[in-house]
Amino acid sequence: MNLLHVLSELHKSRIDGVDRLFKDLHNMRKSGFKELDRWASKINSRKLREIGYPVNQHLKLRRFYNWYMANNLEIVGLNNVGDPFSDQRGLLNAHEFERQLILKFSSLYGFDEENTWGMLCSSCTDGNNHGIYFGYKFLKNKTGKAPILYVSNEAHYSNARIGDLQNIETRIINTDLTGRMLPDDFERQLDTTRPCLLVYAVGSTFKGAIDDQHAINAILEKHPEVSVYRHLDAALFGGYLPFTKFAGIVNRKTNMFESIAVSGHKFFGMDAPVGLFITTRDIYDSQTQFNVTYLNDDMRMISCSRSTIDVLKFWWLMNNVTFKQWKEQAEKILENSEYLLEKLKEIGYPCWKNQYSNTILIKRPSDEILERFNLANGYDKELGGEISHIVVMQHVTRKRIDQFISKLKESL
Ligand SMILES: *Cc1c(COP(=O)(O)O)cnc(C)c1O
């Protein structure tokens, strides 16, 4: 029950002062711009229905915003520019909370505390940009040769785009039907005279496939002369996997990797895009220095200004939700993914899902269904051509799934 509802109940019972409070709160919902208010109301009516994109719509940030406003922080210009792991004097920032946030996550991904560097960046794409940049510089500084970037054709488009942006020779590796990088094609395309900059899709965007790190590593072991840097693009799966029995997939102690990028707004329930970028201190130390006198800092990261409110909000989230609660959420979305699959099979609707994945592929439904549930489209010849997907996030409960199935059935 929200505050407005409580007040409106009190309002009905005519308690002194409540009347005014009710009106005030009601007025707060009015921006003075009709189109803005209409937009806000439309968003609220749609949010729980949308199931095609990996966005957690069960957000619990009200207490954070209340705290933020109660401390007048909305009238302070904050900026986390600079290295959160160096204690240089900078702008008004929250570096200590950023450091704590990164260390909390780094242990989740199997980094050792004394050998961790990271930051909160603007999105997972920004994290991939840093992973590829840091990887390139690390390999180049180590070997004196320009590395080649290897990434699959099912990985998120940002990786190939970043290869282009950073002017890195990029080889796109073919995938199997499930969306995993084909080890044979990797071996065929591997240039053993140059360092290897690998991006693993841990959760490919459309099919939810996880590249087989063991199979690719087995090929690299045959070529010990090749220097390798591995970056994990784990935007969505890096959120829930650490809380399941498959945690090893995104753990550096069981799977070798030098850096990882994860979105904060997919599984974790941030209300705006942010990304985690985590690597080792050794990799960070191998980077080119950029000493910027007026910032009192060595600026090795690409972006200058970074968000402070997002650091505080994420820190607040990580300290408010317990490990047990994250685990329950992670297990629930995997359970509900199986439930959706079962229900689709019951009505004989063509569907398909990868192991460890909360992304369900289905034959492309009618435009009405696509629009109503805002599903994402794809095309795969081997999976029957035109397909769409559903991503089972926290707000995609059994009740929502039943509603979807009943609408889908009606449309057949
Ligand atoms: C969503 C996604 C991205 C992009 O993440 P943003 O945080 O939206 O920039 C990158 N890689 C994968 C695998 C994704 O699913």
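The values are calculated or read from the model by the stated rules, or taken from the named source; none is laboratory data. None of the values given here were measured: they were computed from a predicted structure. Every residue, glycine among them, receives a Cβ derived from its backbone with ideal geometry; neighbour counts consider all protein chains shown. The protein model used for the area step is the full one, side chains on, heavy atoms only, and it has no ligands, DNA or RNA in it. Shrake-Rupley method; radii C 1.70, N 1.55, O 1.52, S 1.80 Å.
Using only side-chain charges placed at the Cβ, +1 for Lys and Arg and -1 for Asp and Glu, the dipole size of the chain relative to its Cα centre rounds to 1300 debye. Taking amide H as placed 1.01 Å from N in the peptide plane, Gly110 has its amide H under 5 Å from the amide H of Arg252, each at least 5 places away in sequence or on another chain.
Given an 8 Å cut-off on Cα distances and at least 6 residues of separation, report the relative contact order of the chain as a percent.
Details: 727 pairs, mean separation 84.5, N = 412.
Once divided by the residue count of the chain, the mean separation gives 21 percent.
Subtracting the Cα-Cα distance of Leu103 and Asp176 from their residue separation scaled by 0.36 nm leaves 22.7 nm.
What order do you get for 362-369, 338-345 when each peptide is scored by the mean count of other beta carbon atoms within 10 Å, highest first? Each step should come with its number before you reach the end.
Values: 362-369: 15.8, 338-345: 17.2.
Per-residue Cβ counts within 10 Å, averaged per peptide and sorted highest first, yield 338-345, 362-369.
Highest mean packing comes first when the peptides 126-134, 63-71, 138-146 are listed by Cβ atoms within 10 Å, giving 126-134, 138-146, 63-71. In the context of the full set of protein chains, residues of the stretch 75-115 present 52 Å² of accessible surface per residue (probe radius 1.4 Å, heavy atoms only).
Take the Cβ atoms of Thr143 and Arg46, set R0 to 45 Å, and the FRET efficiency comes out at 0.30. Extension gain for the segment Lys60 to Lys34, taken as residue separation times 0.36 nm less the Cα-Cα distance, is 6.7 nm to one decimal.
Couplings 3J(HN,Hα) of the stretch 140-156, computed from phi: 5, 5, 6, 10, x, 10, 6, x, 10, 8, 10, 8, 7, 6, 9, 5, 4 Hz, in residue order, whole Hz [Karplus 6.51 cos²θ - 1.76 cosθ + 1.60, θ = phi - 60°; x for Gly and Pro].
Carbon-plus-sulfur accessible fraction, the chain (probe radius 1.4 Å, protein heavy atoms only): 51%.
Take peptides 272-279, 155-162, 347-354 and line them up by average Cβ neighbours within 10 Å, highest first, as a rough protection proxy. Mind showing how you got there, number by number?
On the way: 272-279: 23.4, 155-162: 20.8, 347-354: 16.0.
Ranked by mean Cβ neighbours within 10 Å, highest first: 272-279, 155-162, 347-354.
Once the Cβ-Cβ distance of Asp164 and Leu412 is raised to the sixth power relative to R0 = 60 Å, the FRET efficiency obtained is 0.90.
Spacing of the modelled spin labels on Asp112 and Thr322, each 7 Å from Cα toward Cβ, amounts to 3.1 nm. Once you order the gyration tensor axes a ≥ b ≥ c over the Cα atoms, which shape class does the chain get: rounded for a/c under 1.5, otherwise prolate or oblate by comparing a/b with b/c? In terms of gyration-tensor shape, oblate.
Expressed to the nearest 5 percent, the antiparallel share of DSSP beta bridges inside the chain is 65 percent.
According to the square roots a ≥ b ≥ c of the eigenvalues of the Cα gyration tensor, what is the shape class of the stretch 296-412, taking rounded for a/c under 1.5, prolate for a/b larger than b/c otherwise, and oblate for the remainder?
The shape class here is prolate.
About its Cα centre, how strong a charge dipole does the stretch 164-231 have in debye, to the nearest 20, once Lys and Arg get +1 and Asp and Glu get -1 at the Cβ? Before the final figure, lay out the partial values.
On the way: 7 positive and 11 negative charges, 27 e Å.
For this selection, approximately 120 debye.
When the chain is treated as a Gaussian network with alpha carbon springs shorter than 10 Å, the biggest mean-square fluctuation among Asp310, Asp176, Asp297 belongs to Asp176.
Ranked by solvent-accessible area (1.4 Å probe, protein heavy atoms only, all chains present), the residues Ser305, Ser123 order from largest to smallest as Ser305, Ser123. Take every pair of alpha-carbon atoms less than 8 Å apart whose residues are at least six positions apart; their mean separation over the length of the stretch 14-110 yields a relative contact order of 12 percent. Spatial offset of the stretch 132-159 relative to the stretch 365-399 amounts to 32 Å, using the alpha carbon center of each.
Given the options Leu312, Leu73, Leu334, state which has the largest fluctuation in a GNM of the chain using a 10 Å cut-off (strictly under) for Cα springs. Fluctuation is largest for Leu73.
The Cβ shell under 14 Å around Ala94 holds other residues with a net charge of -2, Lys and Arg each +1, Asp and Glu each -1. Largest mean-square fluctuation among Gln287, Gln355, Gln57, in a Gaussian network model of the chain whose springs join Cα atoms under 10 Å apart, belongs to Gln355.
From largest accessible area down, sort Leu177, Leu412, Leu108; use a 1.4 Å probe on the protein chains. Provide the component values of the computation, followed by the final result.
Working: Leu177 70, Leu412 125, Leu108 35 Å².
Sorted descending by solvent-accessible area, the residues read Leu412, Leu177, Leu108.
3J(HN,Hα) along the stretch 99-115, derived from phi through the Karplus expression 6.51 cos²θ - 1.76 cosθ + 1.60 where θ = phi - 60°, amounts to 4, 4, 4, 4, 5, 4, 5, 5, 5, 4, 9, x, 7, 7, 4, 6, 10 Hz, with x in place of Gly and Pro. Using a cutoff of 8 angstrom between alpha carbon atoms and counting only pairs six or more residues apart, the relative contact order for the stretch 111-230 works out to 26 percent. The length gained on full extension between Thr193 and Thr288, counted as 0.36 nm times the residue separation minus their Cα-Cα distance, comes to 31.8 nm.
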